[in-house]
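The values are calculated or read from the model by the stated rules, or taken from the named source; none is laboratory data. Just so it is clear, the structure is predicted and the values come from calculations on it, not from any experiment. Methodologically, a virtual Cβ is constructed for each residue, glycine included, from the backbone with ideal geometry; neighbour enumeration extends over all protein chains shown.
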Amino acid sequence: MDPGLPPQTFVAPPGIGTPPLLPQVPIPAPIAGLSPFSPMIPSFTVPPPGFNNFGPPGVPGIVPSNIGPITPGSEWTEHKAPDGRTYYYNSVTKQSSWQKPDQLKTPAELLLSQCPWKEYTADNGKIYYHNVTTKESRWSIPPDLEEIKKKIAAEDIKPPSGSVTPREVNSPAPVSQPVLSAGSTGPNSPTAMPSPGGKSALEAAMAATLAAISLPNPPAKSDEDTSTPQAEASKESRTATPEPIVFTNKKEATEAFKELLKEKNVPSNASWEQCVKIISSDPRYETFKKLNEKKQVFNAYKTQKQKDEKDEQRLKSKKYKEQLEEFLLATDLISSSTKYYRCDELFSTKEVWQNVNDQDRRDIYDDVMFSLAKREKEDAKNLKKRNMKKLSEVLECMTKINYDTTWSEAQVSLLENSTFKNDVNLLAMDKEDALIVFEEHIRVLEKEYAEEREREKRRLKRQCRKNRDQFLALLDHLHEEGKLTSMSLWVELYPIISADIRFSAMLGQNGSTPLDLFKFYVEDLKARFHDEKKVIKDILREKAFEVQIDTTFDQFATVICEDKRSAALDAGNVKLTYNSFLEKAEVKEKERLKEESKRMKKLESNLKELLKEMNIDFELPWDEVKAKLEKEDEFLAFESDSERQRVYREFQHEMEESCSHHHSRSKKSKKKKKKVYKSSSSDSGSDKHKKSKHKSKSPTPYSEDSADEYRKKKSKKKHKRKMSPSRSKTFKKE
């Protein structure tokens, strides 16, 4: 392969399909009397002297191109094919090539051909770059190619159309094949001499050959990425191409091509070659000029058709399953206890059974058996329900049966009843169910008998309920008058309640007592507390009234009563709400005082730190200190001068205490040093005593002295630990 050709395969960047392949040109069979030759470029010889106006000999219709000046001694000549493409012929090797030889290339073309990066155009018109050596592709221009282009632009060199240019991918692939020499064209044409008519014998033979074999018409320059198969190219070369149908957009063309595939009913498992044989005769086959676009629509059609076929098969299978299930449910030949092999024996010859495979039939059989069992169970349940209802109606019509009739007596009476005797289902009824119906009927009769005795009790109950309702009305009246609230006690209202006749009517009856009703009523009022509290909050918010620690209940109640919604509020809940708001106000005030105290402590601490930082003598009078601090932020943070004086007095007091502690500590340290000195001298003496003790083994009074000294040291340590934090901080600062 020519090294200047674009790559056959490579890893394309995102959005780029497979790079264009070289078009495959069918090679015709050799003709008798002529040796095989290249199908793309016929065998030519250099035009003889005096025939410069002719193109390469033997090809009718090929006219000489406007060949530029050829370097003297060059064996390559440039020619034009009938389709307008340029090819090159070597008079020495007798070879033709689509690729421009290096001898005819300009310096710019040589630079571009030596660069491994080639420029191509994607289907969407976007330019990308491919390295024929590393098979790498990218969207951005490589530095090597960019540098070469800059050199060409600097030298003002414009690459000719025949060089390896960025649009080389759009032209047919170059073919460099050996061709027949001039002497091998035929036995009757040993030389390329012209005939009297202006054509040599070789030209006549070539004309006859080309007349018998039509050269394949190369595709026009376009953005095709791949070539058509050989069989399709050969067929198109022999058949006249109809006028292509023009579509407004690609979507319309795609739909037209899909419609063609649907009309021809191209199978979903057909290959592209099989598809071409089916649809190539239709004018819509030329909807797309690019083969990859045709294949893309074809693959999409195959995918959709396979999906449709699967859906159709699935729906068909579903339909057969539903038909089989309906058939099994409708037939009377089987029941819920019928085995599968029995069903197979009964229905194996039926089409509805054969349309479903064995596994699905078994699944459907299981479902049908479950449905039949459920249906049979439901039918039995309905029959049982019908028989029990019918028997109950028969018993109700029989006046001989009363609440004390036995089951044996009832059976005799039923056998004498014509309705019972003539009903087959009642005669076959389960005895246990019949007994249940009889017992239920007896209960009804017993209930009717007992109702007479219970009528007086119910009357008493109604009277008791009326008494309770009247007592509740009394409580409502007291609540409306404001005497009964959620905070009321039974002891407080008992004198008022006991004086009413409605209270006396409640005494001695069953059920809730007056005290119980009173407690329930108060609990209901308390349960309304949260809802009524929200209403009170809304009223206070609308009135812009806030409960303070000094707000009285009268002020609070006055504000609430001004609103119409207060009529439905309980006075006790209003009082509880007031107490709740008052507690919150007190807590808020405590928090405020606490925060204010923290703030003042911080201000005092800042002012004291300022006094220490400025090294102000604490013995100075306040007026002198004030003059030094009056511009400081810590000084101005206080609202009153009295507060500043108070802080300064505290500062003086702290400084005096710190100084006194410092002096006392220095005195104690001196005393301690003296004691340590004495103890050191005593230690030296103790060594002597220890030695003498070791020798004499007799106790000495030194041990008691050292123990006393140890106790004194321990007491001093305890004294230091008990020292206050303020004093320890003062010592640290000093």
Would you be able to tell me the number of residues in segment 397-433 that are assigned to a helix (DSSP H, G or I) and either of a type outside the set (K, R) or surrounded by 10 or more Cβ atoms within 10 Å (Cβ to Cβ) (or both)?
22
Inspect segment 507-517 for any residue being within 30 Å of N579 (Cβ to Cβ) and either surrounded by 15 or more Cβ atoms within 10 Å (Cβ to Cβ) or hydroxyl-bearing (S, T, Y) (or both) and give the result as yes or no.
yes
Go through (1) surrounded by 12 or more Cβ atoms within 10 Å (Cβ to Cβ); (2) within 30 Å of N467 (Cα to Cα); (3) hydrophobic (A, V, I, L, M, F, W, C); (4) out of contact with any Asp or Glu (no Cβ under 6 Å at 6 or more places or on another chain) and name the single condition L569 misses.
(4)
For segment 591-599, state whether one or more residues are within 20 Å of E480 (Cα to Cα) and either of a type outside the set (K, R) or free of Cβ contacts under 8 Å to residues at least 60 places away in the same chain (or both).
no
Go through D516, D570, D531, D524 for me and flag whichever is out of contact with any strand residue (DSSP E or B) (no Cβ under 9 Å at 6 or more places or on another chain), under 23 Å from L472 (Cβ atoms) and modelled with pLDDT under 75.
D570
K105 fails exactly one of the following numbered conditions: (1) crowded, with 18+ Cβ neighbours inside 10 Å; (2) over 21 Å from K149 (Cα atoms). What is the number of that condition?
(2)
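One line per residue, one yes/no per condition, for (1) of a type in the set (S, T, N, Q); (2) free of Cβ contacts under 8 Å to residues at least 24 places away in the same chain; (3) closer than 30 Å to D570 by Cα:
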site	(1), (2), (3)
V437	no, no, no
I442	no, no, no
K457	no, yes, no
C464	no, no, yes
L484	no, no, yes
Note on segment 324-371: residues among the small types (G, A, S), part of a helix (DSSP H, G or I) and loosely packed, with under 12 Cβ neighbours inside 10 Å are A330
Candidate set from segment 111-132 (those that are under 22 Å from E293 (Cβ atoms) and of a type in the set (S, T, N, Q)); member that is surrounded by the most Cβ atoms within 10 Å (Cβ to Cβ)
T121
Within segment 376-397, take every residue that is basic (K, R) and under 60 Å from the mean Cα position of the chain (by Cα) and give me the one that is nearest to L414 (Cα to Cα).
K389
In segment 553-561, is there at least one residue being touching a residue at least 12 places away in the same chain (Cβ under 8 Å), touching an Asp or Glu at 6+ places or on another chain (Cβ under 8 Å) and under 27 Å from V587 (Cα atoms)?
no
Of all residues in segment 129-141, which are in a strand (DSSP E or B) and either out of contact with any helix residue (DSSP H, G or I) (no Cβ under 7 Å at 6 or more places or on another chain) or within 17 Å of T77 (Cα to Cα) (or both)?
H130, N131, S137, R138
Are there any pairs with C-beta distances below 6 angstrom linking a residue in segment 249-273 that is part of a helix (DSSP H, G or I) to a residue that is modelled with pLDDT under 85, with the two at least 6 apart or on different chains, and if so which?
A253/F247; A253/T287; A256/R284; A256/T287; F257/T287; L260/D282; L260/R284
Taking segment 624-640 and the residues there that are part of a helix (DSSP H, G or I) and touching a residue at least 12 places away in the same chain (Cβ under 8 Å), the one that is nearest to the chain's Cα centre (by Cα) would be E634
